[in-house]
Amino acid sequence: MGKNLLQKVWESHRVRTLSTGQAQLFIGLHLVHEVTSPQAFDALRQRGWSVRYPQRTFATADHIVPTDSLARPFADSLAEEMMTALETNCREFGVTCFDLKDSRQGIVHVIGPELGLTQPGMTIACGDSHTSTHGAFGAIALGIGTSQVRDVLATQCLAIDPLKVRRIRVTGRLRSGSFAKDVILTIIRRLGVKGGVGYAYEYAGDAIDNMSMEERMTICNMSIEGGARVGYINPDETTFEYLKGRTYAPSNAPPNGLSNGASSGGDWEKAVSWWRSMASDPDASFDDDVEIVGGEIKPAVTWGINPGQSVGVDEAIPSPGDFEGGERTSIEEALSFMDFQPGKKISGTKIDVAFIGSCTNSRISDLRAAARVVEGRKVASDVRALVVPGSRDVAQVALSEGLDKIFSDAGFDWRGAGCSMCLAMNPDKLNDREICASSSNRNFKGRQGHPTGRTLLMSPAMVAAAAVAGEVVDVREFYDDE
Ligand code: SF4
């Protein structure tokens with residue numbers, strides 16, 4: 001019987017099995033940002049410890065970064081404190097930091113892949129839930145808390161419970177107007193926000209195989225929203241093509257760089273051969289297997305307060321009366337918070353804000369898809385719209401293609417790179433009861449900076465269409481060439 005990728009990566013990184021039954025895993029790459037690292041570095045300092053593998057540790061600033069001005073000190077004293085702590089800690093502990101003076105700065109889950117730090121067969125940890133993004137490369141990428149950030153800094157190891165693997169096959173082809181975001185929202189709707197608890201999700205099938213790396217990252221990014229500990233996609237030619245020539249990819253990596261044993265020393269062919277061997281075997285077994293038909297996936301929109309509460313754009317908001325028990329209570333709570341009526345179609349819902357950004361959907365292909373919708377059109381007069389590229393590199397490419405001008409001409413605010421209104425730890429926030437069409441990943445109560453603000457998750461193209469229409473609308477109506 002063959003093995004799946006999770007089993008292979010697990011076995012090749014397991015230091016030992018602990019008495020608790022957990023595995024102590026060696027972590028190949030540790031990504032650090034300003035919010036979850038200050039206390040972890042302080043803990044090392046108090047004990048006189050160093051960072052065990054600074055050459056496998058990379059930092060950037062993203063959550064608190066203002067997107068309109070980087071003038072220091074920041075107006076928010078807490079943000080300034082976090083930024084200063086990151087700069088000081090990285091300097092003191094010898095960690096490479098892509099800080100605000102660095103052209104490689106951006107959201108941690110955007111720049112890791114961009115720089116070629118994220119590679120197949122790796123174990124990756126970061127003090128952020130959406131670390132699962134990196135699984136798109138066939139890595140086992142684990143979001144961790146501050147105390148675990150301390151552990152990884154000090155030991156380069158992590159204690160992890162064993163995981164089952166559910167393979168989710170998305171078969172066939174997606175229809176025009178349906179994107180990776182619609183696929184993952186549909187998966188979470190079907191399996192539930194807790195459906196993945198105790199599991200790693202392996203995404204497979206024609207629709208996944210045909211996706212670009214950026215689309216695969218969108219899928220894996222939201223694994224955590226379905227309750228899965230990690231999500232991954234087997235590495236293939238698309239993966240290798242994406243990585244080739246990137247700064248930290250094997251052919252360019254310094255001999256003692258972060259690469260695993262097979263890929264250190266700059267041997268690209270050797271690395272590819274090892275990466276290929278880490279993919280799930282054709283006869284691998286899985287603890288569960290689910291099929292989703294790609295052609296049936298519609299542009300999706302959330303109507304509630306968790307990412308599982310979504311419908312197709314042409315569908316109606318569900319009625320609590322059609323459900324029982326906890327699900328019924330959860331729908332009632334969501335409808336009450338959102339002030340939405342059951343049975344009413346989600347299309348036509350007025351929006352106040354349109355946000356294109358976040359580690360889910362702020363890459364160049366996301367901006368291109370949104371620009372295609374807004375080009376030659378205007379944002380509705382009562383909508384506040386902003387585009388926040390995921391990294392300075394994404395921004396640079398967008399500028400070279402004139403996307404910034406397309407957005408600005410349409411009435412979008414073109415901003416600097418960062419997390420922005422995904423979590424609103426910077427000045428980009430919703431006000432009062434505003435409704436935001438958002439390309440981010442969480443629609444929890446108060447997620448976008450105001451306790452009563454409301455979030456509708458959707459693809460970047462759908463956000464662009466909503467910005468223009470002033471309400472939720474089917475993006476397929478905007479494609480007059482199809
Ligand atoms: S974009 Fe949002 S989800 Fe992603 S790392 Fe930043 S705050 Fe977290």
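Which residues, taken from segment 82-113, are of a type in the set (V, I, T), under 28 Å from V230 (Cβ atoms) and more than 13 Å from the ligand (Cβ to nearest atom)?
Answer for segment 82-113, where residues must be of a type in the set (V, I, T), under 28 Å from V230 (Cβ atoms) and more than 13 Å from the ligand (Cβ to nearest atom): V95, T96.
Please list, ordered by residue number, the strands (runs of 3 or more DSSP E) wholly in segment 110-222 having 3 or more residues that are touching an Asp or Glu at 6+ places or on another chain (Cβ under 7 Å) and in contact (Cβ under 8 Å) with a residue 60 or more places away in the chain.
Ranges flagged: 164-171.
I'd like the residue in segment 59-81 that is of a type outside the set (S, T, N, Q) and within 15 Å of the ligand (Cβ to nearest atom) and, out of all such residues, is farthest from G416 (Cα to Cα).
A59
State all residues of segment 114-129 that are within 13 Å of the ligand (Cβ to nearest atom) and open to solvent by 10 Å² or more (accessible area, probe 1.4 Å); if no residue qualifies, say none. Working first, answer last.
Step one: list which residues in segment 114-129 are within 13 Å of the ligand (Cβ to nearest atom), which gives 126-129.
Result: D128, S129.
Against the conditions (1) surrounded by 24 or more Cβ atoms within 10 Å (Cβ to Cβ); (2) within 16 Å of the ligand (Cβ to nearest atom); (3) under 26 Å from F240 (Cα atoms), where does E202 fall short? Just the number, please.
Going through (1) surrounded by 24 or more Cβ atoms within 10 Å (Cβ to Cβ); (2) within 16 Å of the ligand (Cβ to nearest atom); (3) under 26 Å from F240 (Cα atoms) one by one, E202 breaks only (2).
The values are calculated or read from the model by the stated rules, or taken from the named source; none is laboratory data. Every value quoted in this text rests on a predicted model; they were computed, and no experiment measured them. Every residue, glycine among them, receives a Cβ derived from its backbone with ideal geometry; neighbour counts consider all protein chains shown. With ligands, DNA and RNA removed, areas are computed over all heavy atoms of the protein, side chains included. Shrake-Rupley method; radii C 1.70, N 1.55, O 1.52, S 1.80 Å.
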